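Trainee: Structure below; questions to follow.
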Amino acid sequence: MTGKNVAGDAEIKKKSVAEDAGIKKKIVAEDAGIKIQNIVVSANTHTKFSLEMLASNLDEAEYEPESFPGLVYRVKDPKASTLVFTTGKIICSGSKSFADAKTAIKKTVETFRGLGIDVSHKVDVEIVNIVGTADLKSKLDLNKIVFELGECEYEPEQFPGLVYRLDDPKVVFLIFNSGKIVCTGAKSEEIVARSIERLRGKLKGIGALK
């Protein structure tokens, strides 16, 4: 076998492994019924804003500086809320995809430009947090999870869910005895799926999930 054939076979094997991993993640995501509920995105417009001016010119804006330093501006399509600060930072929440969040921020910036504000064309955007939910389709013994999994907080008299912190990926779970879970702290949808897969494995390892 020539070196060229060996390299080709290795590349095919590498591609096959990657495809298998992708299929596995897709199956896990579908089986758990993962849904993205909210994506929080931060944007730096590199532009100073006068919130008083924005509030007086935008019907969709809410600004109460005595209670909160930011201005709330709502975008109707795609539906999202933005927090605007004098520093030029914009926080967008309420979107269920990164694409929608970026569109909402773009529309916000275009609205500001329409008021005569010279907003920089250099807008840096990054995901701050993704909130995803899933259903493990099995009743869970939360007391067993607390004692055997560690890194948990559970006070049923105050809140019915268990808080579990995963180190890698670094996310926080809310786990309910119904089998429903909430994952927060992820920076990508792939990390949400990977985190839930890891949680599933840990719960199976202690016999809390069949």
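The values are calculated or read from the model by the stated rules, or taken from the named source; none is laboratory data. Note that the structure is predicted; figures quoted are calculated from it, not measured. Reconstructed Cβ throughout: ideal geometry from the backbone, glycine too, with neighbour counts over all protein chains shown.
Trainee: How many residues are touching a residue at least 24 places away in the same chain (Cβ under 8 Å), part of a loop (DSSP other than H, G, I, E, B) and of a type in the set (D, E, K, R) if we restrict to the range 169-202?
Mentor: Total meeting the criteria: 1.
Trainee: Something else: Among the numbered criteria (1) surrounded by fewer than 16 Cβ atoms within 10 Å (Cβ to Cβ); (2) in contact with a strand residue (DSSP E or B) (Cβ under 6 Å, 6 or more places away or on another chain); (3) in a helix (DSSP H, G or I), which one does A99 miss?
Mentor: Of (1) surrounded by fewer than 16 Cβ atoms within 10 Å (Cβ to Cβ); (2) in contact with a strand residue (DSSP E or B) (Cβ under 6 Å, 6 or more places away or on another chain); (3) in a helix (DSSP H, G or I), only one is false for A99: (2).
Trainee: Which numbered condition trips up V128, out of (1) part of a helix (DSSP H, G or I); (2) of a type in the set (A, V, I, L, M); (3) touching a residue at least 24 places away in the same chain (Cβ under 8 Å)?
Mentor: (1)
Trainee: Taking the condition part of a helix (DSSP H, G or I), modelled with pLDDT under 95 and closer than 30 Å to G179 by Cβ, does I12 pass?
Mentor: So I12 does not fit the description; no.
Listed here are the residues, each with its yes/no results for (1) buried (at least 19 other Cβ atoms within 10 Å of the Cβ); (2) more than 30 Å from K48 (Cβ to Cβ).
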residue	(1), (2)
V125	no, no
N143	no, yes
F159	no, yes
V171	yes, yes
T184	no, yes
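Trainee: Filter the range 100-122 for residues that are over 21 Å from N57 (Cα atoms) and modelled with pLDDT under 95 and give the result.
Mentor: Result: H121, K122.
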